[in-house]
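Structure record follows, encoded as C-alpha cells.
The values are calculated or read from the model by the stated rules, or taken from the named source; none is laboratory data. Keep in mind it's a predicted model, so treat the numbers as computed, not measured. Quick reminder, even Gly has a Cβ in these numbers, built from the backbone with ideal geometry, and neighbours come from all protein chains shown.
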C-alpha cells in the first residue's frame, strides 16, 4: 500500500476538526462565559442609601441565577453585575450614563436609576445607544416619549394614584363611618412626586369627591418644615398626601406634625414612594410617630417573599425588604428570562425579547404579567400599599399578597 502523504494527513485532520466543531450546538459554540448586566444607581451623595439597597437586591439575584445554572440558552453563561454610580443630581446621572455606554460597550442590558428625574436623563443617553433599560421609576414621562429601549416594571405614578385613591377612601369610610372631604398635598419637585401630584390635581381628587385645600411643592432637602405644617394645621384637612423622596424630609415633616399636635391619626398621612418607609428613618425618629402612616409604592416584599426577606436580613442586616431590593432582584430574573428568549448576548436581541415577552404571572412585581405594551409599560401593573404598624412597614394591599390587615388612624 502506498504511504499517505503528509499534506493529505493534514487536510484530513482539518476536515475531521471541522466536522467535530459542527456537531457542537450552535448556541453553545458561540456562548460567552459571562454576560454583563449594568446597574446604574446612586452610590454616593444624598440618595446613596437607596442605591446601596438596589445593589443588594441585584447581587442576591445574580448569585441565585448563577447558582441555578446561569443562562441555559447560552450554555450556562453567568451574569456579571456591572455597578455604576449615577450620583445625586440629574447632571451626574446623565454623565454616568454617557460613561457607561462609552466604557462598557459589551453591556447587553441595564437597570436604572432610582429617582425618576435621574431615569429620564439616563434613558435619553441609553436610547441613543440602543441599550435596553429596565426601571422601577414611576414618572409617566419615562414611557411617554416614544422610546423603544425603556421598560418600566412599576406602575406609573398616575396609575398608582388612580389605583390607590378609591382604596384609601374605602379604608377611611370603614374606619370612621364617613368619607374624607378635604385633602392637602405636600410634595417635593422630583419626577415621580410631581407625576403623582399632577394626576391628583388634574381630576382624580375631584372624581373621588375630594377638595384640595392646600398644595405646596418644595425642593429637597428641606431645611425647615415649620411653614408647611403651619399651613396644614390652619386648613385641617381630612387627608394629607405627603410625597418626599429623601428620608430626612420625611423625618422633618413627621416630627413637626408631632410638635404641632397633628400626628398619630389626627391628620391621616399618605405618601407615595419609599422614602417614608426606609429602615434608616428609625435611626432618627420614634416609631410611634410613624404608626398608621401609609405609603403607596410600585413594589414591596409581600406574601411569598419570606425566604428572600430572611436572606436579606442575614446577608446585609436589613430589617425588611423595600421596593429597591425586591424590584432590582426581579429585574435580574427578568433579564435572565429575556436572555433565554433571545438566545444570544446581544442588546438588540434582548430588547426585542423584552418587547415580545409574555411570561405569565410575576413573582417579584405586584399584579399583572411579565409583558410590556408598546410604550414599554408592564401590562396591568399593580402597586402595593404599605403601612407602618408597630415599628415595621408591612404590605396591606393587594389583599392576596398582604402580610397584615390595614388600620385606619382614629382621629
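Among the residues of segment 214-224, is there at least one that is in contact with a strand residue (DSSP E or B) (Cβ under 8 Å, 6 or more places away or on another chain), more than 23 Å from residue 391 (Cα to Cα) and touching a residue at least 40 places away in the same chain (Cβ under 8 Å)? Looking through segment 214-224, at least one residue is in contact with a strand residue (DSSP E or B) (Cβ under 8 Å, 6 or more places away or on another chain), more than 23 Å from residue 391 (Cα to Cα) and touching a residue at least 40 places away in the same chain (Cβ under 8 Å). For segment 116-139, a residue qualifies if it is in a helix (DSSP H, G or I) and in contact with a strand residue (DSSP E or B) (Cβ under 9 Å, 6 or more places away or on another chain), and the qualifying residues are 116, 118, 119, 122, 123, 126, 127.
When segment 56-71 is filtered for residues that are within 21 Å of residue 113 (Cα to Cα) and touching a residue at least 60 places away in the same chain (Cβ under 8 Å), the ones remaining, listed by number, are 56, 57, 58, 60, 61, 62.
Within segment 389-401, the set of residues being touching a helix residue (DSSP H, G or I) at 6+ places or on another chain (Cβ under 7 Å) and outside any loop (DSSP other than H, G, I, E, B) comprises 393, 395, 397. Residue 302 meets all of the listed conditions (1) surrounded by fewer than 22 Cβ atoms within 10 Å (Cβ to Cβ); (2) farther than 20 Å from residue 187 by Cα; (3) in contact (Cβ under 8 Å) with a residue 60 or more places away in the chain but one, namely (1).
Listed by position, the helices (runs of 4 or more DSSP H) inside segment 158-274 whose residues that are within 20 Å of the chain's Cα centre (by Cα) number at least 1 are 191-199, 247-259.
In segment 95-113, the qualifying residues are those that are assigned to a helix (DSSP H, G or I) and touching a strand residue (DSSP E or B) at 6+ places or on another chain (Cβ under 8 Å), and the one that is surrounded by the fewest Cβ atoms within 10 Å (Cβ to Cβ) is 99.
Condition check ((1) modelled with pLDDT of 95 or more; (2) not assigned by TED's automatic domain parsing to the domain that holds residue 167) across all residues:
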residue: 327; (1), (2): yes, yes
residue: 344; (1), (2): yes, yes
residue: 350; (1), (2): yes, yes
residue: 364; (1), (2): no, yes
residue: 375; (1), (2): yes, yes
residue: 397; (1), (2): no, no
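Restricting the first member to segment 36-52 and to residues that are in the same structural domain as residue 133 (by TED's automatic domain parsing) and at pLDDT below 95, and the second to residues that are surrounded by fewer than 24 Cβ atoms within 10 Å (Cβ to Cβ) and assigned to a helix (DSSP H, G or I), the beta-carbon pairs closer than 6 Å and six or more apart or on different chains are 49/280.
When the residues of segment 367-388 are filtered to those that are touching a helix residue (DSSP H, G or I) at 6+ places or on another chain (Cβ under 8 Å) and assigned to a strand (DSSP E or B), the one that is nearest to residue 123 (Cα to Cα) is 377. Being closer than 30 Å to residue 34 by Cα and free of Cβ contacts under 8 Å to residues at least 12 places away in the same chain narrows it down to one of 352, 405, so name that one. When all the criteria are applied, what remains is 352.
Would you say residue 106 is touching a helix residue (DSSP H, G or I) at 6+ places or on another chain (Cβ under 6 Å), outside the structural domain of residue 188 (by TED's automatic domain parsing) and closer than 27 Å to residue 145 by Cβ? The answer is no for residue 106. Just checking, does segment 113-122 include any residue being farther than 26 Å from residue 221 by Cα and touching a residue at least 12 places away in the same chain (Cβ under 8 Å)? Taking every residue of segment 113-122 in turn, none turns out to be farther than 26 Å from residue 221 by Cα and touching a residue at least 12 places away in the same chain (Cβ under 8 Å). Determine which single condition residue 374 fails, assuming it passes every other condition in (1) free of Cβ contacts under 8 Å to residues at least 60 places away in the same chain; (2) in contact with a strand residue (DSSP E or B) (Cβ under 9 Å, 6 or more places away or on another chain). Every listed condition holds for residue 374 apart from (2).
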